[in-house]
């Protein structure tokens with residue numbers, strides 16, 4: 001019995017080791033990093049973080065990422081809501097094929113679409129804007145949001161809709177006043193997943209931006225190659241990218257177990 | 001039972017428009033490139049299925065595809081049983097559950113290039129925690145940039161680190177949904193631990209596990225950023241997975257025709273396997 005309880009603890013330790021190393025590196029000076037191995041920072045420094053917060057190319061990376069992730073989450077969830085309702089409540093021509101077609105876009109390797117996306121968004125004049133990245137990420141986030149919301153909506157009994165219509169509610173009023181509060185958890189989880197997949201994606205975000213909307217991840221790759229061996233700076237930038245994710249997880253902590261099942265338990 | 005309602009199309013329309021804009025136009029661009037030859041200056045010539053024959057017959061593609069299947073196979077074989085085992089060992093309730101879940105979900109929210117950079121720093125032979133421990137403390141020679149085997153073990157370890165939590169969280173969600181009455185009945189019947197797992201827990205987890213396998217298959221088959229940042233596909237070509245090879249051809253060499261043909265073959269394979277999973281899953285829904 002005791003042994004069994006140890007498994008999750010060891011697993012979490014394994015998860016935390018590389019993260020610890022990144023955090024520890026971010027507080028070391030370049031000298032200390034290059035001079036050899038040390039388990040804890042010997043000369044604790046905040047220089048790396050100071051460098052990021054005072055250099056606009058760095059901190060704008062975070063702002064840009066946050067902007068397009070937010071736009072993407074709002075678009076994805078708001079268009080997915082009515083669609084998921086249609087899939088969970090109605091039969092209509094081609095519904096099953098449509099659902100699968102949506103899912104296929106979740107399966108499209110971003111590497112396949114990188115070049116055509118660049119051409120498409122250049123052609124419509126959206127290259128290097130936040131909205132371009134937000135729209136491009138819709139490719140895989142909308143299908144996912146529809147999939148998750150459909151799962152949660154199917155868990156709400158259909159009698160709820162029928163009763164509301166009998167009581168004289170219009171579709172719009174029923175949807176916003178009664179239905180949406182009922183699937184609050186599902187909306188939270190869908191938003192969480194959209195945020196997550198938009199935040200962690202780099203290939204498309206990097207391809208579609210140059211200067212004005214460059215994501216933090218791209219700034220990091222550039223530093224990694226151009227500035228040579230500034231590991232401390234790189235580690236600090238990496239640590240800062242973990243924080244928004246950690247905040248978002250904290251908000252959905254109560255739904256995390258059920259939410260990860262995409263409503264299909 | 002669902003009611004038939006053709007007007008439901010209007011509810012789906014915004015989604016179709018947005019996704020079609022992002023999916024169909026680029027896909028058509030790729031199809032267009034895949035059947036043409038270009039010598040620059042925007043001059044294109046009809047090339048038929050030539051590129052497809054070239055790609056399907058090329059050893060480079062076979063090698064990348066083989067590596068891709070090997071990688072996906074290995075990580076599925078590790079992550080799924082490991083994830084289920086950890087989910088089974090987790091407490092069902094109590095103050096530690098949310099703490100465990102939050103900590104486990106952490107790797108899922110780290111940008112993929114940061115995951116690569118983090119593992120790079122972690123495994124540096126002389127100053128990385130893992131590299132130093134292996135090389136200096138345990139005396140095992142380990143250098144990811146020189147040994148293909150070490151590079152492979154590192155990308156597999158990285159993926160296990162990154163994604164096992166997804167399987168844990170899904171399996172755990174399936175487990176907590178089992179009513180206590182099931183376990184009490186099993187206890188009365190004197191069922192062994194294995195019997196409980198085989199006849200109660202596994203069937204209840206089946207649906208979420210299918211989702212887990214489907215998601216893990218799709219994502220590991222498309223993996224690009226993490227191994228690219230960590231190993232750059234090397235040493236040599238030993239960790240050049242399908243996406244890395246494709247980006248090399250498309251954006252590095254700018255060979256549009258072969259890259260487009262390769263993209264379509266790649267997409268078709270992903271689609272075929274995912275479709276098989278999907279039908280298996282929805283068939284289950286209907287029963």
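Using the average count of surrounding beta-carbon atoms within 10 Å as a protection proxy, the listed peptides A:181-194, B:105-118 rank, highest first, as B:105-118, A:181-194. Note on A:124-132: average number of Cβ atoms from other chains within 10 Å of each residue's Cβ is 0. Look at the stretch A:50-61: the mean tally of other chain Cβ atoms within 10 Å of its residues' Cβ atoms is 0. The residues A:153, A:180, when put in order of fewest to most other Cβ atoms within 10 Å, stand as A:180, A:153. Taken along its three principal axes, the alpha carbon spread of region B:1-128 comes to 65, 61, 26 Å, from the longest extent down to the shortest. In the elastic network of chain A, a GNM with C-alpha springs shorter than 10 Å, the most mobile of A:15, A:115, A:240 is A:15. Computed packing ranks the peptides B:152-159, A:248-255 as B:152-159, A:248-255, most packed first, by mean other Cβ atoms within 10 Å.
Using only Cα atoms, find the angle between the long axis of helix A:56-89 and the longest principal axis of chain A, and express it within 0 to 90 degrees, rounded to the nearest 10. It is inclined by approximately 20 degrees.
Hey, in the GNM for chain A with a 10 angstrom Cα cutoff, which one of A:171, A:113, A:44 fluctuates hardest? In the Gaussian network model the winner is A:171. Shielding of peptide A:233-240 by partners, expressed as the average count of other chain Cβ atoms within 10 Å per residue Cβ, is 3. Note the angle between two axes, namely the Cα long axis of helix A:184-200 and the longest principal axis of the Cα atoms of chain A, as a number of degrees from 0 to 90, rounded to the nearest 10. In chain A, helix A:184-200 runs at an angle near 40 degrees to the longest axis. Distance between the 7 Å Cα→Cβ label points at residue B:184 and residue B:99: 3.1 nm. Calculated FRET efficiency, residue B:138 to residue A:253, Cβ-Cβ distance, R0 = 45 Å: about 0.75 to the nearest 0.05. Between A:58, A:147, A:21, the Gaussian network model of chain A with springs among Cα atoms under 10 angstrom shows the greatest mean-square fluctuation at A:21. Just so you know, the averaged projected area of the alpha carbon convex hull for region A:32-179 sits at 15.5 nm².
Taking a point 7 Å out from the Cα of residue A:7 in the direction of its Cβ, the residues of region B:69-99 whose backbone N falls within less than 12 Å of it are B:81-91. Gyration tensor analysis over the Cα atoms of chain A returns equivalent ellipsoid semi-axes of 40, 25, 16 Å (largest first, whole Å). Quick one: helix A:231-251 against the long Cα principal axis of chain A, what's the angle to the nearest 10°, folded into 0 to 90? It works out to around 30 degrees. Averaged over residues, the count of other Cβ atoms within 10 Å places the peptides A:212-219, B:197-204 in the sequence A:212-219, B:197-204, highest first.
The tail of the calculated P(r) for region A:1-45, taken as Cα-Cα distances beyond 11 Å, holds 69 percent of the pairs.
Taking a ≥ b ≥ c as the square roots of the eigenvalues of the Cα gyration tensor, an a/c ratio of 1.5 or more together with a/b no larger than b/c marks chain B as oblate.
Taking other C-beta atoms within 10 angstrom as a stand-in for reagent exposure, B:207, B:193, B:2 fall in the order B:193, B:2, B:207, fewest first. Under Stokes-Einstein, with the Kirkwood radius over Cα pairs as Rh, the value for the protein assembly as shown at 4 °C and 1.567 mPa s is 52 µm²/s.
Look at A:32, B:226 and count the other Cβ atoms within 10 Å of each Cβ; fewest to most, that gives A:32, B:226.
If you take the Cα centroid of region A:170-211 and the Cα centroid of region A:89-121, the two points sit 17 Å apart.
Taken together, the values in this text are just the output of simple stated rules run on the coordinates, not laboratory data. Predicted model only: the values in this text are computed from it and were never measured. Positions of Cβ are generated from backbone atoms using ideal geometry, with glycine treated the same way; all protein chains shown enter the neighbour counts.
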